[in-house]
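Since the structure comes first, as structure tokens, the remarks are kept for the end.
Values in this text are rule-based calculations from the coordinates and carry no lab data. These numbers come from a predicted model, not from an experiment. For neighbour counting, all protein chains shown are included, and Cβ atoms are generated from backbone atoms with ideal geometry for every residue, glycine included.
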Amino acid sequence: MSEARLMQGNEACAAGAIAAGARFFAGYPITPSSEIAEFMAEQLPRLGGTFIQMEDEIASMAAVIGASLAGVKSLTATSGPGFSLKQENLGYAAATEVPCVIINVQRGGPSTGLPTSPAQGDVMQARWGTHGDHPIIVLSPATVQESYELVITAFNLAEEFRVPVILLLDEVVGHLRERVNLPATVQIVNRKKPEVPPERFSPYGDDHGMIPPMANFGAGYRHHVTGLVHDVNGMPTVNPALVTKFLLRLNHKLDPYLAKISLYEQILLEDAEVIVLAYGCTARAALEAVYLARSSGIKAGLFRPITLWPFPEAAFVPRQNIPIIVPEMNCGQLVGEVVKIAGRHNVYSLSRIDGELITPTQISAKISEVISRV
Amino acid sequence: MGRLEVVLTGTGGQGLILAAIMLAEAAVDANLNVVQTQSYGPEARGGASRAEVIISQEAIYYPRVLQPELVLTMSEAAYKKYGLNLPDNAVLIVDSTYVHEMRPRTNAYYLPISHTAQERIGSEQSANVMALGLLAAVGIAALPFSLLKSAVERRSPRGSAAK
């Protein structure tokens with residue numbers, strides 16, 4: 001471990017991306033994510049990388065996909081309004097299976113909303129913001145240290161599974177400065193390259209554990225890239241059998257690897273008689289509330305999904321009839337996934353949408369209320 | 001030490017977020033846990049500015065201030081919002097340059113911070129560092145003054161430390 005230092009969440013995202021090997025950033029700065037672009041603009045040219053401030057968010061996302069196809073690990077960073085604009089090309093990245101990382105530091109919405117205030121309103125958009133069935137991985141850090149670590153994880157997952165990965169921060173974590181200890185070395189995963197000569201290469205062949213190897217654009221391997229539904233050679237097709245084959249592989253390619261992708265933290269769950277399920281900045285208030293409840297004799301526990309999508313449902317198996325409180329800084333988004341698993345009558349949503357961070361007291365009050373009902 | 005919560009308030013441009021960062025960096029040097037946050041409006045300059053620092057030997061989960069022990073107010077608006085309903089045990093520091101009348105209370109310091117910075121150093125730009133010195137003098141016992149001083153020096157423009 002290196003020395004402890006004070007670092008901001010956004011700065012940690014940028015530093016983590018560089019540590020992960022990212023050498024291309026295209027973006028259109030927006031509060032509360034701008035520091036990521038600022039840091040990248042300063043650092044990337046020194047490392048032989050490229051920083052481009054694009055004309056808008058749509059072009060930023062397109063540039064990121066292009067750079068990644070050429071073999072350079074690439075990212076962009078944005079917030080709600082910009083994230084909306086990135087959706088079209090995010091779908092393109094999912095369909096063409098181009099590894100990339102999108103950091104979305106959430107602010108209050110909808111529309112331009114509350115530019116400098118925290119919210120968690122983009123949880124469903126991160127999963128379903130682009131049209132059509134598609135795979136996506138969404139990670140949510142709760143601390144500055146974890147922001148650094150998870151952006152590296154995001155790149156590793158993107159590279160290994162050829163999928164866009166979204167790092168979903170909130171304004172609180174993005175702007176928070178906190179003591180961190182950055183590791184001296186990090187583990188890096190790079191995309192698989194083809195082992196066959198160019199004439200035998202089929203860019204979307206499915207005989208590689210669902211994740212086809214990827215050749216750098218311009219390296220001599222023919223690689224036709226299209227958002228149209230394509231066959232194993234990347235050529236457009238409307239053949240129903242080939243369409244089905246493509247969409248099934250695309251949408252199930254993460255299935256064999258869910259144990260590796262599903263990250264979560266469990267605190268005091270063994271004997272819990274009430275569970276708080278919280279993520280991002282809200283989990284910090286929730287943990288405080290769990291300890292408060294314990295000190296007053298209520299056996300509370302915390303389940304913190306770090307991977308929001310795919311939701312870590314194999315890990316979250318609450319005992320029968322245990323009440324579950326889901327505090328979120330939105331009108332209730334991830335709570336829907338919890339209801340799917342635990343059923344409607346055991347699950348209690350707790351929303352805060354006024355632009356202020358949810359407090360431990362609010363969650364404590366909900367714990368007491370729920371406990372008095374059962 | 002337990003949890004120490006500090007709030008620095010005033011107007012955008014007074015350097016209060018930077019002061020909070022320097023305070024937080026000194027806390028890291030003292031091997032303490034620390035979080036620093038701020039809230040401000042959508043405007044680039046002016047408007048209300050509020051920076052928070054929480055210092056503790058324990059892990060800090062909730063990152064926002066709940067019960068501040070030490071509050072600095074460097075504008076009339078900030079004083080009215082954060083200075084008037086403060087519990088008696090909290091220490092309040094008020095910049096009399098901008099707050100023209102202070103309601104009497106215990107644990108209060110009413111001092112011409114910005115005015116003194118202008119008079120002694122020739123610029124109000126140093127008022128944030130002067131305020132930091134005051135905070136160190138009155139309330140942050142766990143933080144050695146030398147660490148705070150070196151945190152300020154690391155962030156000072158070259159040459160300014162000699163003045």
In sequence order, calculated HN-Hα J values of region B:16-33 (Karplus, 6.51, -1.76, 1.60; Hz; x Gly/Pro): 6, 5, 5, 4, 5, 5, 5, 4, 5, 5, 5, 5, 4, 4, 7, 6, 9, 7
When a/c is below 1.5 the answer is rounded, else prolate if a/b is larger than b/c, else oblate, so apply that to region A:1-140 with a ≥ b ≥ c taken from the square roots of the Cα gyration tensor eigenvalues. oblate
At R0 = 41 Å, FRET efficiency that the Cβ-Cβ distance of A:Gln362 and A:His208 yields, to 0.05: 0.25
In peptide B:30-36, how many Cβ atoms from other protein chains are near each Cβ within 10 Å, on average? 4
Of A:Ala154, A:Thr78, A:Ala4, which is farthest on the positive side of the dipole of region A:4-181, counting Cα position, with +1 on Lys and Arg Cβ, -1 on Asp and Glu Cβ, and the Cα centre as origin? A:Ala4
How would you classify chain A from its alpha-carbon gyration tensor, with a ≥ b ≥ c the square roots of the eigenvalues: rounded for a/c under 1.5, else prolate if a/b is greater than b/c, otherwise oblate? prolate
Based on the alpha-carbon gyration tensor of chain B and its eigenvalue square roots a ≥ b ≥ c, which shape applies: rounded if a/c is under 1.5, prolate if not and a/b is larger than b/c, or oblate? rounded
In deg cm²/dmol and to the nearest 500, what is the mean residue ellipticity at 222 nm of chain B if only DSSP H runs of at least 4 residues count, each as -39500 (n - 2.57), divided by the residue total? -8500 deg cm²/dmol
Taking the Cα centroid of region A:95-111 and of region B:1-75, what is the distance between the two, rounded to the nearest whole Å? 30
Can you list the residues, at least 5 places off or on another chain, whose amide H is less than 5 Å from the amide H of B:Val91, using H built in the peptide plane? B:Leu70, B:Val71
In region A:219-374, if the dipole is taken from +1 on Lys/Arg beta carbons and -1 on Asp/Glu beta carbons about the Cα centre, which of A:Val276, A:Ile324, A:Ala314 is farthest to the positive end? A:Ala314
Taking the dipole of region B:4-162 about the Cα centre (Lys, Arg +1; Asp, Glu -1; charges at Cβ), the one of B:Val99, B:Ile121, B:Gln67 that reaches farthest to the positive side is B:Ile121
Can you give me the relative contact order of region A:263-373 as a percent, contacts being Cα pairs under 8 Å and 6 or more apart? 31
Applied in sequence order to region A:129-137, the curve 6.51 cos²θ - 1.76 cosθ + 1.60 (Karplus, θ = phi - 60°) yields integer Hz couplings, x standing for Gly and Pro, of x, 9, 7, x, 5, 7, x, 7, 10
Search the structure for amide H atoms under 5 Å from the amide H of A:Phe217, placed 1.01 Å from N in the peptide plane, and list their residues when 5 or more places away or on another chain. A:Ala70, A:Gly71
Please state, as a whole number in µm²/s, the translational diffusion coefficient that the Stokes-Einstein equation yields for region A:263-373 at 25 °C and 0.890 mPa s, with Rh defined as the Kirkwood radius across alpha carbon pairs. 180
Report the relative contact order of chain A, percent, no decimals, based on alpha-carbon pairs under 8 angstrom and at least 6 residues apart. 16
Cut-off under 5 Å, modelled amide H: who pairs with A:Asp231 long-range: A:Thr237
The answer for the net charge of residues other than B:Asn85 whose Cβ lies under 14 angstrom from its Cβ, with Lys and Arg +1 and Asp and Glu -1, is +3
Provide, for the protein assembly as shown, the number of lysine pairs with alpha carbons under 26 Å apart, each pair being eight or more places apart or on different chains. 20
Stick to Cα atoms and the Kirkwood definition of Rh, then tell me Rg/Rh for region A:139-263. 1.07
Whole-Hz Karplus couplings 3J(HN,Hα) for region A:221-231, θ = phi - 60° and coefficients 6.51, -1.76, 1.60, Gly and Pro as x, run 9, 6, 9, 8, 10, 8, x, 5, 4, 10, 8
Using 19 Å as the cut-off for backbone N distance, which residues of region A:185-201 belong to the label zone defined by a point 7 Å from the Cα of A:Asn239 along Cα→Cβ? A:200-201
